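The structure appears below as structure tokens.
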Amino acid sequence: MKQAGSIMITVLVFSVVAITVLSGAVVVSVINTQGTSDYSQAERLLAISEAGVENAALLMLRDPSYSGNNLSVGNDTVTISVSGTNPLTIESVVQNTDFTRRIQSVMERVGGVLNVTSWDEL
């Protein structure tokens with residue numbers, strides 16, 4: 001009878017240890033998944049903000065008086081503003097509930113060509 005009791009205690013201790021290890025693994029997995037999701041979302045917004053600057057450069061080549069607009073990309077909206085004459089400063093901002101990504105580019109117009117002098121994330 002004593003041997004059956006000690007086997008029961010051993011199984012119980014082993015079960016508690018196994019449950020603790022598995023619970024820890026699940027918690028780490030959930031945290032990693034959340035971090036990956038946040039990173040992907042932030043990178044997607046950065047790409048959208050950069051696309052806003054590129055779109056503004058194309059529109060400025062076609063219409064030198066272009067001063068900015070809002071551009072919808074999927075469920076997100078990027079706000080583009082252009083200031084200055086030469087050099088021109090383009091700012092592109094996209095945000096959602098968790099992240100804001102802002103790109104500022106300075107360009108000079110030389111003979112109908114826009115030369116990028118800076119491109120920074122603010």
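Give the residues of the range 67-82 that are in a strand (DSSP E or B) and of a type in the set (G, A, S), sorted by residue number.
G68, S72, S81
Filter the range 60-69 down to the residues that are surrounded by 15 or more Cβ atoms within 10 Å (Cβ to Cβ) and closer than 15 Å to V113 by Cβ and list them by number.
M60
Exactly one condition in (1) at pLDDT 85 or above; (2) more than 16 Å from D120 (Cβ to Cβ); (3) more than 21 Å from the chain's Cα centre (by Cα); (4) not in a loop (DSSP other than H, G, I, E, B) is not met by M8; state its number.
(1)
For V13, state whether it is surrounded by 10 or more Cβ atoms within 10 Å (Cβ to Cβ), hydrophobic (A, V, I, L, M, F, W, C) and within 15 Å of the chain's Cα centre (by Cα).
It is false that V13 is surrounded by 10 or more Cβ atoms within 10 Å (Cβ to Cβ), hydrophobic (A, V, I, L, M, F, W, C) and within 15 Å of the chain's Cα centre (by Cα).
Pull out all pairs, ordered by first then second residue, where Cβ-Cβ is under 6 Å, the residues are six or more apart or on different chains, the first lies in the range 27-55 and is closer than 14 Å to N70 by Cα, and the second is of a type in the set (S, T, Y).
S49/S92; G52/S92; V53/S92; V53/S105
Any idea how many residues of the range 70-97 are modelled with pLDDT of 90 or more, among the polar types (S, T, N, Q) and farther than 15 Å from S118 by Cα?
Within the range 70-97, residues that are modelled with pLDDT of 90 or more, among the polar types (S, T, N, Q) and farther than 15 Å from S118 by Cα number 3.
Would you check if T33 is modelled with pLDDT under 90, hydroxyl-bearing (S, T, Y) and in a strand (DSSP E or B)?
Spelling it out, it is not the case that T33 is modelled with pLDDT under 90, hydroxyl-bearing (S, T, Y) and in a strand (DSSP E or B).
Given the criterion over 16 Å from V106 (Cα atoms) and surrounded by 10 or more Cβ atoms within 10 Å (Cβ to Cβ), identify the matching residue among S81, S37, S49.
Exactly one residue qualifies, and that residue is S37.
Output the number of residues of the range 84-112 satisfying the condition of being exposed (fewer than 11 other Cβ atoms within 10 Å of the Cβ) and either in a strand (DSSP E or B) or in contact (Cβ under 8 Å) with a residue 24 or more places away in the chain (or both).
Of the residues in that region, 3 qualify.
List the number of the failed condition for V30; all other conditions in (1) surrounded by 10 or more Cβ atoms within 10 Å (Cβ to Cβ); (2) in contact with a strand residue (DSSP E or B) (Cβ under 9 Å, 6 or more places away or on another chain) hold.
Every condition holds for V30 apart from (2).
The values are calculated or read from the model by the stated rules, or taken from the named source; none is laboratory data. What you are looking at is a predicted structure, and each value in this text was computed from that prediction instead of being measured. Reconstructed Cβ throughout: ideal geometry from the backbone, glycine too, with neighbour counts over all protein chains shown.
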